[in-house]
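One structure is given here, and the rest of the page talks about it.
The values are calculated or read from the model by the stated rules, or taken from the named source; none is laboratory data. None of these values were measured; they are calculated from a predicted model. Neighbour counts run over all protein chains shown; Cβ positions are idealised from the backbone, glycine included. The accessibility values were calculated without ligands, DNA or RNA, using every heavy atom of the protein model including side chains. Shrake-Rupley method; radii C 1.70, N 1.55, O 1.52, S 1.80 Å.
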Protein chains: 4
Amino acid sequence: MIVHLRKSITESQRKEVVRRLGLIGAAIYYSPGTERTILAAIGDPAATRKAGIEELRGVARVIPIDTPYKLANREFRPDDALVHVGKLPFGGPKLPVIAGPCSVENRTDLLAIAHKVKKAGATLLRGGAFKPRTSPYSFQGLGEEGLSILAEAREETGLYVVTEVMDTRDVELVCRYADVLQVGARNVQNFNLLKEVGKSGKPVLLKRGMMTKLTEYLMSAEYVLSNGNYNVILCERGIRSFDTATRNVLDLSIVPLIHHMSHLPVIVDPSHGTGAWRWVAPMARAGVAAGGDGLMIEVHEVPEDAFSDGDQSLLPRRFAAMMKDLRKVATAVGRRI
Amino acid sequence: MIVHLRKSITESQRKEVVRRLGLIGAAIYYSPGTERTILAAIGDPAATRKAGIEELRGVARVIPIDTPYKLANREFRPDDALVHVGKLPFGGPKLPVIAGPCSVENRTDLLAIAHKVKKAGATLLRGGAFKPRTSPYSFQGLGEEGLSILAEAREETGLYVVTEVMDTRDVELVCRYADVLQVGARNVQNFNLLKEVGKSGKPVLLKRGMMTKLTEYLMSAEYVLSNGNYNVILCERGIRSFDTATRNVLDLSIVPLIHHMSHLPVIVDPSHGTGAWRWVAPMARAGVAAGGDGLMIEVHEVPEDAFSDGDQSLLPRRFAAMMKDLRKVATAVGRRI
Amino acid sequence: MIVHLRKSITESQRKEVVRRLGLIGAAIYYSPGTERTILAAIGDPAATRKAGIEELRGVARVIPIDTPYKLANREFRPDDALVHVGKLPFGGPKLPVIAGPCSVENRTDLLAIAHKVKKAGATLLRGGAFKPRTSPYSFQGLGEEGLSILAEAREETGLYVVTEVMDTRDVELVCRYADVLQVGARNVQNFNLLKEVGKSGKPVLLKRGMMTKLTEYLMSAEYVLSNGNYNVILCERGIRSFDTATRNVLDLSIVPLIHHMSHLPVIVDPSHGTGAWRWVAPMARAGVAAGGDGLMIEVHEVPEDAFSDGDQSLLPRRFAAMMKDLRKVATAVGRRI
Amino acid sequence: MIVHLRKSITESQRKEVVRRLGLIGAAIYYSPGTERTILAAIGDPAATRKAGIEELRGVARVIPIDTPYKLANREFRPDDALVHVGKLPFGGPKLPVIAGPCSVENRTDLLAIAHKVKKAGATLLRGGAFKPRTSPYSFQGLGEEGLSILAEAREETGLYVVTEVMDTRDVELVCRYADVLQVGARNVQNFNLLKEVGKSGKPVLLKRGMMTKLTEYLMSAEYVLSNGNYNVILCERGIRSFDTATRNVLDLSIVPLIHHMSHLPVIVDPSHGTGAWRWVAPMARAGVAAGGDGLMIEVHEVPEDAFSDGDQSLLPRRFAAMMKDLRKVATAVGRRI
């Protein structure tokens, strides 16, 4: 349940609330946006109902949460969460754009592309060092070397670095180099990984899986949140359907749904969401118009030579042109890029 | 195959082309946008290849069409088709908006809502007189009485009338009252109905089915086109997925795909595409940003009393507010409403 | 609601029940398997609840039906329905097998294949005279000529004839030739067609659509039943999924689900259900083991020359071998072929 | 590519084949069923084609493999693989049945259920010690204590133990207790976990994911195989669809498809495949009739009190009755239980 405390609550009254919740074994989480005036008590629902919290002094009201996600529920945090990556907030009026190649392939190319996407207006750099590949015989990523190249690109350009972590054993390593830990679509229900990135405290970009229902998705976010890490950015990247005309079906309706049900920011990845560069720009525009809190775009200098996902990568000049168009759409819906 | 004729072709040269194609049994269709300079010859592919059409005088070039849809292929009509409903074109810079209740329920309410959507900027009125209902015990529509009410609303407001036809036996009747024949999602592969609306010559609004692949969809359009009716407007209205968070998943990527593969205009129906009024406005904005050539929106004065689809119907004031926001998005992508 | 009458009910008591239901405008349907001791009253639920039917003499009990399907509900007909095609029952211990080509192509071939499938144990002959084809340029069927060939094959072989009807205008014509009217997957929600085959009284083979939910499927059956035709045979033929390894996914779990929720027989079509001859035999075995009440199998002498669906057609000798194996499986689950 | 060596090949000829393949950097895998007469060389396709292996002495023939899976391809191992768990083979005429509760809940109940499923004919015991739960607040499994209870049940009953591993860090631990490592549906593309269970050498039960295409599934198996572990058992457990009438759609057609494309055994899990105990028995029968190489069934003494998946758990007496029926179906298709 969610407990709204009065602003006038005294410290001893607050302690009493906490003590009572402790008696029934409920875990307590404070809503970060509200300076300790809202808390969630998670435990046995029957016991929490009977604990008489509502009658305590300093308690304004108690809201039972019917949804299985609690900390991801907007009731826990009535305002939009601002998730900060360094000084850059996700969830505010300005939309961050993450851009870069699917994989880090080598130092030279990554630095070159980093400069180009920065110039076009991107504020974060993407690039995989650990790659989840369908085939064991495909390029699996450069590992730590790739991370180190990303870090160098950050030094040179000031772009923040977003990169994927796939293994609980690598979380610490990736944390040393990255600004945002990406959990990929295939790991959206890799619960041990979610716990581990939760414990890390780093901002987490949690991509929706190809067949993740909305509730399941918020529950995966809940794994991170309930491990003490409130810095979760969601990302729609296309779901799997019966139609093979596009690689995935970009389900943009999840953007307003998430904004209604949760306080978490949600960005849009039209590159994976369509699987072909030609549809990236119109779907990026649609993503912004639907209310997306940012974009993630694959950009590559020579898409046909890309180690992975070349088909869906934009050339830098097309990325720059798209950014220009996006600014108009963002303005039309009261945001900016 | 598609045959491009030279502008300088003489009448006797043109007749020779037609004669030769006749010899191999090919059906001939002229591209409407090009004043008889492009034609499609549809018949046995091997025979058409061997017929030596390319060598004939007055023939500029011959393009084999690998896709199963021929007349719906952009090769047949390189420019965007403008489908006119009266004086109103679909496919141009100005986006028509179709609005109104799911069903025609009675004369008074329909006239009232017609005036309101007109005032807010709609240019066509929707309303079902024949309703495809999952249950035989649900309201099945007012039939001809409903059509007559729609026609009266047109007289009063100047809105064009869009209404569904479900039965080959009703095509003639519906043609007497409607400006646009709607073929619903459940009838997207009712091929006899497609032939019949093809023969009618009336503008056809052909909705995508819940599980229609892009190619299948263009083939359904081809049924109408090949029966001599080039006035086809496509409409994305959501596909069925594993997630029940929304009634359907609005697959906006089909908009740029159709624009690339075909010359036909495609509009967006976010009411069926989401199934809940709350998501209609953001998804309408996304539909326009993705390049949609118009919108179809359910509006009802008292959604909770609607005979059908109340959940997804906007109140007139919300419709008006949405139209205002849409104008900005349309401008941002070089269109207007 | 469902009304169970006592066996001892007098005629005047029965008339009183009917009169009362008439007063509240409920339509009355008698359960065919029970000699007028069970009836369904379909009308406004609130009114039927208040009508005091349970208190009437001769009424044993009243069961409210929460499902939207009423006559298809097992409560309406507690025993399995036996749907008779001539003297052949669907729904009993002996499993009818429908076999034949996708389309009727010509007289000679159809008669030849009819004799072969009969010899191998089939009891009904399939063959399309009206074909729902994705492309307007594909073979659309021989029409009435095809129907006449089917009727001739029946004369020669004694096989009952199953053939598809696609258009409300053709129902009367097809009834003159066929023993079973097939409503195809694409027409499962062509409600006017369902009404029309309902009125015809002929046995109806109603195929599930590619995207039909169980409840929707039973509602489509309800359209036929509520038009007075209780002779409905259901047929699982595969649903559409994300995987293209098979043409469709044969959803056999619907067989026990239908048996639980409804009294209607349900057969299995592994030809469309898989789309490739190689998987037909194992999936036919699985269909029988799951409790299917019969099978529908495509057989063709020269599959590579078939006008339609050659890939999924069995050679006659493979059909005969499959039938032999099926007999063992049928015996193992207490049925026979 | 696959290289068939002659039986008469000499050791020095064999070394030359290996040397040549080494020159082009190909990895070499020997087909386990064929005593070193078939090998797969995996490397750059162009280089392997040009390496002139076919001309070498002792080489019978060379088969290029077009599919992305190589070691899972039946070409690599023409006969059915027998995967042994202790003395128990999967893939032979006798079908192993894995049964037990979803989760290990406590020692007493697990030992009791183990004895009951053993008595009814099961040969392996299932039970989760590490549980992948959608909610972080749900029971997450007993961990090592659960593993230890499973090992005790093995001592008492002689049943082999199958249990899930979710984290690369736990593979070693689970190996100490289990006979078969289960990789669950949500981890089917957790590639690091697949590598780790590959290195372990233990038999692996690799469940198909809710959205895994056939090719992707075989590629996931390839991750295990290419890490040197050929003991892979596949398992169909239902895919996600648009219909919520069952929890998942059991896609039995994958059984004959896998048998055609691969040598790996594939079993069927009708408990997850349907999500409700009522449909487990008919779908288990269907699974055996389709050619499944075994079954995995959830059994619980008091399903309504189960910590997880109670709805789909059979009571022990229902499990025993099902086993009796299954024996007949197995016999009918030339297998036994």
Mark the label point 7 Å from the Cα of D:Leu23 along Cα→Cβ and return the residues of the range D:29-54 whose backbone N is within less than 14 Å of it. D:47-54
Given all pairs of different Cα atoms, what value in angstroms does the Kirkwood hydrodynamic radius of chain C take? 20.7 Å
Could you work out the local net charge near B:Val174, counting Lys and Arg as +1, Asp and Glu as -1, over the other residues with Cβ closer than 12 Å to its Cβ? -4
Label point distance in nm, C:Arg176-D:Thr37, each placed 7 Å from Cα along Cα→Cβ: 6.7 nm
Kirkwood calc, the range C:144-247, C-alpha pairs only, radius in angstrom 14.2 Å
Rounded to the nearest 5, what % of the DSSP beta bridges within the protein assembly as shown are antiparallel ones? 40 percent
I'd like the accessible area for C:Arg154: 1.4 Å probe, protein heavy atoms, all chains in place, Å² to the nearest 10. 50 Å²
Of D:298-305, B:246-253, A:267-274, A:68-75, ordering from highest average Cβ density within 10 Å down gives A:267-274, B:246-253, A:68-75, D:298-305
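Please report the net charge: other residues with Cβ closer than 15 Å to the Cβ of A:Val288, K and R +1, D and E -1. Kindly include the intermediate steps, with their values, before the conclusion.
Details: positive: A:Lys94, A:Arg285, A:Lys324, A:Arg327, A:Lys328, A:Arg335, A:Arg336, B:Arg285, B:Lys328; negative: A:Glu236, A:Asp269, A:Asp293, A:Asp325, B:Asp325.
Once all neighbours under 15 Å are counted, the net charge is +4.
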With +1 on each Lys and Arg Cβ and -1 on each Asp and Glu Cβ, how big is the dipole of the protein assembly as shown about its Cα centre, in debye rounded to the nearest 20? 0 debye
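Counting Lys and Arg as +1 and Asp and Glu as -1, each charge on the Cβ, what is the dipole of the range A:2-63 about the Cα centre in debye, to the nearest 20?
120 debye
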Spin-label model distance (nm) - C:Asp66 vs B:Lys94, 7 Å beyond Cα toward Cβ: 5.4 nm
Diffusion coefficient in µm²/s returned for the range A:2-63 by Stokes-Einstein, Kirkwood Rh over C-alpha pairs, 20 °C and 1.002 mPa s, is 188 µm²/s
Expected integer from the mean partner chain Cβ neighbour count at 10 Å over D:129-138 is 6
Mean Cβ count within 10 Å, highest first, over the residues of peptides A:281-290, A:41-50: A:281-290, A:41-50
The chain D residue whose Cβ lies closest to the rotation axis carrying chain D onto chain A, with that distance rounded to whole Å, is D:Met211, 2
If you split all Cα-Cα distances of the range B:182-337 into 10 Å bins from zero, what percentages do you get per bin, shortest first? 11, 38, 35, 15, 0
Shortest first and in nm to one decimal, what separations exist between B:Lys50 and its copies in the other chains, measuring from label points 7 Å along the Cα-to-beta-carbon line? 4.1, 7.9, 8.8
Residue-averaged beta-carbon neighbours from other chains (10 angstrom radius) around C:290-299: 2
quick shape note, the range B:1-137: Cα extents on principal axes in Å, largest first -> 64, 38, 23
How much area per residue is accessible in the range D:266-337 when the probe is 1.4 Å and only protein heavy atoms are counted (Å²)? 33 Å²
Chains A and B together, accessible area buried on both sides, 1.4 angstrom probe, square angstrom: 2800 Å²
With a cut-off of 8 Å between alpha carbons and a minimum separation of six or more residues, what is the relative contact order of chain D in percent? 16 percent
The whole-number value in µm²/s of the Stokes-Einstein translational diffusion coefficient for the range A:115-204, with Rh from the Kirkwood sum over alpha carbon pairs at 4 °C and 1.567 mPa s, is 96 µm²/s
Counting other chain Cβ atoms within 10 Å of each Cβ in A:204-215 and taking the mean gives 4
Can you report the principal axis dimensions of the range A:170-215 using only the alpha carbons, biggest first, rounded to whole angstrom? 32, 17, 15
Residues meeting the amide H criterion for D:Ser262 (H placed from the backbone, H to H distance under 5 Å, 5 or more places apart or on another chain) are D:Arg74
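Show A:Trp277, D:Trp279 ordered by accessible area, largest first, where the area counts protein heavy atoms only and the probe is 1.4 Å.
Ranked from most to least accessible, the order is A:Trp277, D:Trp279.
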Largest first and to the nearest Å, give the Cα extent of the range A:215-284 along each principal axis. 40, 23, 19
From the label point of B:Gln13, set 7 Å from Cα along Cα→Cβ, how far away are the matching label points in the other copies, in nm, ordered shortest to longest? 6.9, 9.3, 9.4
At what distance in angstrom do the alpha carbon centres of the range B:167-222 and the range A:16-94 lie from each other? 52 Å
Once you put a point 7 Å from the Cα of A:Thr331 and another 7 Å from the Cα of A:Asp305, both along the Cβ direction, what distance in nm separates them? 3.8 nm
Compute the accessible area per residue over the range A:2-63, keeping the other protein chains in place, probe 1.4 Å, unit Å². 57 Å²
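Hey, any idea what Rg/Rh is for the protein assembly as shown, computing Rh the Kirkwood way over Cα pairs?
A ratio of 0.96.
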Kindly give Rg over Rh for the range D:108-158, based on alpha-carbon atoms, with the Kirkwood expression for the hydrodynamic radius. 1.04
Straight-line reach from A:Lys50: which lysines fall under 23 Å, measuring Cα to Cα and dropping same-chain residues less than 8 apart? A:Lys15, A:Lys70
Inter-copy label distances at B:Lys119 (7 Å, Cα→Cβ; nm, one decimal): 5.4, 7.8, 7.9
Suppose every Lys and Arg Cβ carries +1 and every Asp and Glu Cβ carries -1, with no other charges. What dipole size does the range A:83-332 come out with about its Cα centre, to the nearest 20 debye? 660 debye
